1. If you take every DSSP beta bridge fully contained in the protein assembly as shown, what fraction is antiparallel? Give it as a percent rounded to 5.
2. State, to one decimal in nm and shortest first, how far the label point of B:Thr294 sits from each corresponding label point in the other identical copies (label point: 7 angstrom along Cα-to-Cβ).
3. Using Cα-Cα distances under 8 Å and only pairs 6 or more residues apart, what relative contact order does chain B have, in percent?
4. Quick check on packing: order B:4-13, A:124-133 by the mean number of other C-beta atoms within 10 Å, highest mean leading.
5. Taking amide H atoms as placed 1.01 Å from N in the peptide plane, list the residues 5 or more away in sequence, or in a different chain, whose amide H sits under 5 Å from that of A:Thr399.
6. Roughly how crowded by other chains is peptide A:40-46, in terms of the mean Cβ count from those chains within 10 Å of each of its Cβ atoms?
7. Can you put B:Phe198, B:Phe214, A:Phe392 in order of Cβ neighbours within 10 angstrom, beginning with the fewest?
8. Just tell me how shielded A:95-106 is by partners: mean number of partner chain Cβ atoms within 10 Å of each residue's Cβ, no decimals.
Protein chains: 2
Amino acid sequence: MTSRTLINDLAAHADGTVSVSGWVEVVRDQKRVQFVILRDESGSAQLVNPVNDDTAETAASISALTHGSFIEVEGELKHDERVKLGGLEVKVGSLKVVSTAAELPIDSETGIDKRQDWRFIDLRSQRGRLMFKLQTTMLHAMRTYWVDNGFTEIHTPKLMASASESRAELFEVPYFDTTAYLAQSPQLFKQMAQAAGFGKVFEVGPAFRADPSFTSRHATEFTSIDAEISWIDSHEDVMKMHEELLHAAFAAVVEKHGDEIREVFEIDLQVPALPFPRISHAEVKQIVADRGHTIERTDGDLDPEAERQIAAHVKETQGHDFVFVTEFPSTVRPYYHMRDEADEAVTKSYDLIFGGVEISTGAQREHRVDVLEKQAVEKGLEPAELEEYLDFFRYGVPTHGGFGMGLARVMMLMLQQGTIRETTFLFRGPTRLQP
Amino acid sequence: MTSRTLINDLAAHADGTVSVSGWVEVVRDQKRVQFVILRDESGSAQLVNPVNDDTAETAASISALTHGSFIEVEGELKHDERVKLGGLEVKVGSLKVVSTAAELPIDSETGIDKRQDWRFIDLRSQRGRLMFKLQTTMLHAMRTYWVDNGFTEIHTPKLMASASESRAELFEVPYFDTTAYLAQSPQLFKQMAQAAGFGKVFEVGPAFRADPSFTSRHATEFTSIDAEISWIDSHEDVMKMHEELLHAAFAAVVEKHGDEIREVFEIDLQVPALPFPRISHAEVKQIVADRGHTIERTDGDLDPEAERQIAAHVKETQGHDFVFVTEFPSTVRPYYHMRDEADEAVTKSYDLIFGGVEISTGAQREHRVDVLEKQAVEKGLEPAELEEYLDFFRYGVPTHGGFGMGLARVMMLMLQQGTIRETTFLFRGPTRLQP
């Protein structure tokens, strides 16, 4: 057998014998000629078999093919402009069924919940393939940016002895004679790496929240993109790295997949211009109020509609899809966010909003252990419970800050999907542990 | 203040004003002149302060410096061959203490267990920094190999509804109204991605084993390097990818860090030649017996001494540090390893041994659902418990295979360390959940 050619590579391949393999998407079993649409990880092509005495055996095989079966085909490639699908077809020589599919339980009309039950079939679409190829490109561009800029990759433990932030929404794990907790974020350990003198670190890994909510943006397990850097003057240094990272990521995606994204998702994906707009939290509240939206929350934080409104304002006035909302009030930020030197009520922190939805929180961290302890007490925390964390700051630590960002959210907004369930390989929610 | 220069970049920097920052490794506080060895994420350099009336304030600051404190220094860089440390020094102009360290609880003589308690201080050494910079380089080279070869990155769930392989050594997690399990490997989901038509996939992520053992090679949480590929003829295709991957990884590490590895670990790291040696399991048993080692196990598997012996044999006869032991008996392999067409008693699988220790298991997987079910029953498993897994094979699936490999083990053997505790960022064991 000739070696396998990816379907996407057939266009550049000379007419002649080729081997292709993939799964059966469509069979058109006509009396005089049979057509099979074969899809593989790269694309789809038409196989053709004229029915006559010489091809009877192949014709019988094709007639028996079920949708979703995986086959290997050796045949004659012919470029032909009249063929709608890619301007080429493969005339079947030999056909081998590697695995026969039972009747598929879902089709393109099936709703999201049942599609998730059969995610491995759901993902066979061009759409499914594109999402994860694009994600691969995006993550590789991010890591390349980090590596080129002297970052160190870390793999922080997901099993922890204590809660990383709050006891709420924490998964407990019986652990030999004690109890462990699943990490809600790598926050503490990223900071520990700063005390270890790592300078700049990144991690892409799972995070866990025992969050009982059923929104389009929440999951109990999600892939978190995290970075943390030392020797910063303020959260501005973090934002600069953050926007450069996303710029590099989008540039790689647009270059490699822009045309296919246009074809499949009907989105003309743009590389966001640098720098991203920055608007302070106080200004945002004013702008949102001027646009007629009243924030119902009493804690001073923004609500989802305020995020949409400020995104719309930025889009209208600056044509940008991203906006950093900066200097959040101390009241709505955790104790470890550093406060402004000039105004205790304001933190050196930000949220990044993309397409009207918050995708990330970043901040300069408080590295002075006495201040950290004071702020923890103010927030009602017990310093005794934080001893291990506070130790990170007692033996020297540089100024530092960073962000965490949900991968599936970025993907959801980039591809204008209604829910992260579409952009997560295998979604996990309160009632979803399978497959 | 001038912008920060990494210490490693001082050598290429012209004499003149520079800003450096890092932590205090050594203070030599002499009467007429003070020296500070400053280390940052890139290296170390000597700061100097001649004591006189003009420098009295700086001299007082330096006298008060504690080991491990983080400082920012602006000063005059001067290249001077007489200075042992890098042939340069920085004459302190201004010095700012960012964070004062309390007395450090460990030093270079402290044993591994206590060093782990204070891992963030332990890792401040050149050794610690090099390990994780090297790891970053290695992983980036692997991912670049995969991306260049058309692989898709996946993030498989760590929360599962059922055991991935066996009920032994499984962490249970109370999960809303039910129980979840922490994934022992991404095995099932990597295979699911093959049924989804992904073709070739990789993942670098955590895996969990409730393993009560205290060996130098085991952890309850570890970073697993996983790949899985479709349309293979045998495990040979998997081994080819596996050895190419490691070749690319070692080549990148040797190129970027070879000199520093020689300096710090006194190891002359070599790029392993392609192809890696392959010896069948049956032959290995013969060779090991000929070398005088009797395997005490009754199940036909190798033992650690047999692994060391075959590695020694390969090193002596072929000068190679790696060896694939192939065609393990079916009796010691899981039901999902494909068996040899000609001999049911033999699997199309392998172990990869590096420096005398097994670092990976790979195999072609059984993709025929009827055979898979039969083999599961033979191994004493309940097909009913495997329904969800077996479903992956009922709707079409290509031939496929892959491997899983422990990152910390590869690092341990590459750097000839006695335990993975040295090469894991934060080790997790039965009695170790902190920091």
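1. 90 percent
2. 8.9
3. About 13 percent, as a whole number.
4. By packing density, highest mean first, the sequence is A:124-133, B:4-13.
5. A:Trp231, A:Ile232
6. Average per residue, whole number: 3.
7. B:Phe214, A:Phe392, B:Phe198
8. For this peptide, the per-residue mean of nearby foreign Cβ atoms is 4.
Here, each number is a calculation from the coordinates, and none is a lab measurement. The shown structure was predicted, so the numbers you read here are calculated from the model rather than taken from an experiment. With ideal geometry, Cβ positions are generated from the backbone for all residues, glycine too; neighbour counts draw on all protein chains shown.
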